[in-house]
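First the structure, in the form of structure tokens, and then the observations on it.
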Amino acid sequence: MGLALLKQGGSLYSLHKSSTRKFLLNKSKSEWLRVCALAEVKAQLRWDLTKTYRHQKMQSVNIDVDLFRFVKA
């Protein structure tokens, strides 16, 4: 995780699918406690993911994403 590169108290912002929110928040409270002092969802967004490969059938798909803020301990 990029938190290792930050100074103490530094913030890292990251986009993740909303379906993984519960997992990330639980992980930050348990295993990442040595590195992560705070993990919070700053915004909930809809991301328009456009077709990038020929074999994909849909032109675009809207997915729910969360903007997370992780603060280094």
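Listed values, structure above:
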read-out: Residue in the stretch 44-57 that is touching a residue at least 40 places away in the same chain (Cβ under 8 Å) and either among the acidic types (Asp, Glu) or surrounded by 11 or more Cβ atoms within 10 Å (Cβ to Cβ) (or both) present; value: no
read-out: Failed item, numbered, when residue 14 is tested on (1) in contact (Cβ under 8 Å) with a residue 60 or more places away in the chain; (2) touching a helix residue (DSSP H, G or I) at 6+ places or on another chain (Cβ under 9 Å); (3) not hydrophobic (A, V, I, L, M, F, W, C); value: (1)
read-out: Criterion: in contact (Cβ under 8 Å) with a residue 24 or more places away in the chain and either surrounded by 11 or more Cβ atoms within 10 Å (Cβ to Cβ) or among the hydroxyl-bearing types (Ser, Thr, Tyr) (or both) - qualifying residue of 27, 72; value: 72
read-out: Residues being more than 15 Å from residue 3 (Cα to Cα) and surrounded by 10 or more Cβ atoms within 10 Å (Cβ to Cβ) - total across the stretch 30-41; value: 1
read-out: Enumeration of residues in the stretch 1-10 that are in contact (Cβ under 8 Å) with a residue 24 or more places away in the chain and either over 10 Å from residue 72 (Cα atoms) or surrounded by fewer than 12 Cβ atoms within 10 Å (Cβ to Cβ) (or both); value: 1, 4, 7, 8, 9
read-out: Residue in the stretch 47-64 that is under 30 Å from residue 8 (Cβ atoms) and in a strand (DSSP E or B) present; value: no
read-out: Filtered residues of the stretch 14-47 (kept if of a type in the set (Ser, Thr, Tyr) and modelled with pLDDT of 90 or more); value: 14, 18, 19, 20
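The values are calculated or read from the model by the stated rules, or taken from the named source; none is laboratory data. From a predicted model like this one, the values you see are computed outputs, not experimental measurements. With ideal geometry, Cβ positions are generated from the backbone for all residues, glycine too; neighbour counts draw on all protein chains shown.
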